[in-house]
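Q: Structure in C-alpha cells, see below.
The values are calculated or read from the model by the stated rules, or taken from the named source; none is laboratory data. Values in this document were obtained by computation on a predicted structure and should not be read as measured data. Quick reminder, even Gly has a Cβ in these numbers, built from the backbone with ideal geometry, and neighbours come from all protein chains shown.
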Amino acid sequence: MSVYAQHLASLYEPELLESLEGKTLLITGASGLIGRFFVDSLLASDVDFRLVLPARHQMSFEDSRVQSFVADICEPLTLPSATRLDAIFHLASPAFPAAYHNAPLEPVMCNIDATRHLLELASAHHARFIFSSSCEIYGESAKILAETDMGYLDCMQPRNCYNESKRLAETLTQVYAQYRGVDTVVLRLPRTFGATFGAQNNSACASFLRDCAMDRDIWLKSDGQQMYSFLYVGDCARALAFALSLPANQAYNVAACAMKLYDFAAELAKLNPKITLKHERAELIGYGKTQHVVFDTSKIQGHGFGTKFSVLQGLSISLAILRERRENGERL
C-alpha cells in the first residue's frame, strides 16, 4: 500500500464517516489541492455514499460510488432527474498567485457565478451548502481574528479579485439562507498545504514542498516575517466532513497554528538534509501583501472540532507522499 493510501485510511474518526452514510454529495474542485484530497480520503473508506463530481476536465475513478462528468460550474448544472443531493461542497476556485495575475476573472466567476448557481441547486434539493472561504477575506489586521473581525482590503487592487469575490460569495450564502432557507456553512481556511497541489500551483507552500521533494534548495523571496495561520490538508478534509453537523448559516475559522513564513520554510528544509533554505529578494507578482493573518479558532473548537496534525507532521507526511510520487515518475 502506498504512503498516500495508508495515510488516507487512518484519517477520519468513525463518527465523521458515519455522518456520510447514505448521503449524496456534490463536490466541486475535485482536481485541486483540497478537493482532490477530500475526494480521495472519502473513497479510502468503505462507507456507502455517492459523490457527484462536476469538473472542467474529464476525471476517471474506478469506484462505483463516483459520478464524474465534464461541466462548467459557472453555468447551471443539469443532473439526472433521479439524483437527490444531501450536501454541496463548493471547493473550486483558482487559489494561487499565477491565477490571480494571469486570469483574474476566473476566481471572480468561480466565487460569484458558480456560487450562485450552486446555491440555487442547494435550494432545489434542500441540500446543505458548504463553502470553502479563505483567510484572504480578512485583509490586513494586527489582531488575532475571530469570525466577526475584518481587516483592511483595498478593493481597487486587481490582485484582490480573489479576496473580494470570496467576501461576496460568503454574503451570497447568507442571502440564500435568509431568503431561500438554504442551510449554509462557511469554512474560512488559512494557508492550506499538502501533497495534492497541481502542477500550476505556484503558491509559497506548494513551491516549497515541490522543491524540497525534488531535492532543490528552498528559496524564500521575502524576509519571511509574515505571520500566518496554517492548516494541513488532512485536517481541512476532516473539517469539511465535520461541517455537515455544524450549526447552519455561520462562518468558522479552521487552522492548526500560526507561525512566520520563514519558520514554515525552515521546518520543511530540515526534513531534507540535501537542501538549504536560501533568500532571494524578488518582485512577487500575484502574491498577497498581507503581513499578519492569524485565526482565532475557538468557535469551531467549541463545537468539538480539533486538528490532528501539527504543521511539522503535515509537512513530513506531504514530503513522504511527494517523494513516493517522484520515485514513481509522476510530475510534481
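Q: Quick check on my filter: what residues within segment 74-112 are in contact with an Asp or Glu (Cβ under 7 Å, 6 or more places away or on another chain) and closer than 12 Å to Thr28 by Cβ?
A: Residue satisfying the conditions is Cys74 alone.
Q: Is at least one residue of segment 74-83 among the β-branched types (Val, Ile, Thr) and modelled with pLDDT of 95 or more? Walk me through how you get there before you give the answer.
A: Keep residues of segment 74-83 that are among the β-branched types (Val, Ile, Thr), which gives 78, 83.
Those still in the list that are modelled with pLDDT of 95 or more too: none.
No - not one qualifying residue is present in segment 74-83.
Q: If the Cβ limit is 7 Å and pairs must be 6+ apart or interchain, which residue in segment 199-216 that is more than 10 Å from Leu332 (Cα to Cα) pairs with which residue that is surrounded by fewer than 19 Cβ atoms within 10 Å (Cβ to Cβ) and among the β-branched types (Val, Ile, Thr)?
A: Listed by first residue and then by second, the contacts come to Cys212/Ile275; Asp215/Ile275; Arg216/Ile275.
Let's see how each residue does on (1) in contact with a helix residue (DSSP H, G or I) (Cβ under 7 Å, 6 or more places away or on another chain); (2) modelled with pLDDT of 95 or more; (3) buried (at least 18 other Cβ atoms within 10 Å of the Cβ); (4) outside any helix (DSSP H, G or I):
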| position | (1), (2), (3), (4) |
| --- | --- |
| Ala5 | no, yes, no, no |
| Leu25 | no, yes, yes, yes |
| Phe37 | yes, yes, yes, no |
| Val52 | no, yes, yes, yes |
| Gln58 | no, no, no, yes |
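Q: Looking at (1) surrounded by fewer than 20 Cβ atoms within 10 Å (Cβ to Cβ); (2) modelled with pLDDT under 95; (3) closer than 24 Å to Val233 by Cα, which is the only condition Ser165 fails?
A: Status for Ser165: all satisfied but (1).
Q: Restricting the first residue to segment 240-267 and requiring it to be among the charged types (D, E, K, R), which pairs with a second residue that is surrounded by 20 or more Cβ atoms within 10 Å (Cβ to Cβ) and not in a helix (DSSP H, G or I) meet a Cβ separation below 6 Å and a spacing of at least six or different chains?
A: none
Q: Looking only at segment 192-212, filter to residues that are among the small types (Gly, Ala, Ser) and within 20 Å of Tyr228 (Cα to Cα); which one of those is surrounded by the fewest Cβ atoms within 10 Å (Cβ to Cβ)? It would help to see each step written out before you state the result.
A: Quick first cut of segment 192-212, residues among the small types (Gly, Ala, Ser) only: 194-195, 198-199, 203-204, 206-207.
After this cut, where a residue has to be within 20 Å of Tyr228 (Cα to Cα) as well, the list is 194-195, 203-204, 206-207.
Working: Gly194: 26, Ala195: 27, Ser203: 21, Ala204: 24, Ala206: 22, Ser207: 19.
Among those that are among the small types (Gly, Ala, Ser) and within 20 Å of Tyr228 (Cα to Cα), it is Ser207.
Q: Which condition number in (1) under 20 Å from the mean Cα position of the chain (by Cα); (2) more than 29 Å from Glu324 (Cα to Cα) is the one that Ile34 fails?
A: (2)
Q: If a residue has to be part of a loop (DSSP other than H, G, I, E, B) and loosely packed, with under 14 Cβ neighbours inside 10 Å to count, how many in segment 85-110 make the cut? Spell out the reasoning first.
A: To start, the set of residues in segment 85-110 that are part of a loop (DSSP other than H, G, I, E, B) comprises 85-86, 91-96, 103-104.
If we keep only those that are loosely packed, with under 14 Cβ neighbours inside 10 Å too, we end up with 103.
Residues meeting the conditions: 1.
Q: Applying the selection to segment 93-119, what residues are touching a residue at least 60 places away in the same chain (Cβ under 8 Å), closer than 17 Å to Ala199 by Cβ and among the hydrophobic types (A, V, I, L, M, F, W, C)?
A: Residues satisfying the conditions are Ala95, Phe96, Ala98, Ala99.
Q: Out of Ala87, Ala114, which single residue is touching a Lys or Arg at 6+ places or on another chain (Cβ under 6 Å) and modelled with pLDDT of 95 or more? I'd like the intermediate steps shown before the answer.
A: Values: Ala114 fails: touching a Lys or Arg at 6+ places or on another chain (Cβ under 6 Å).
After ruling out the rest, the residue left standing is Ala87.
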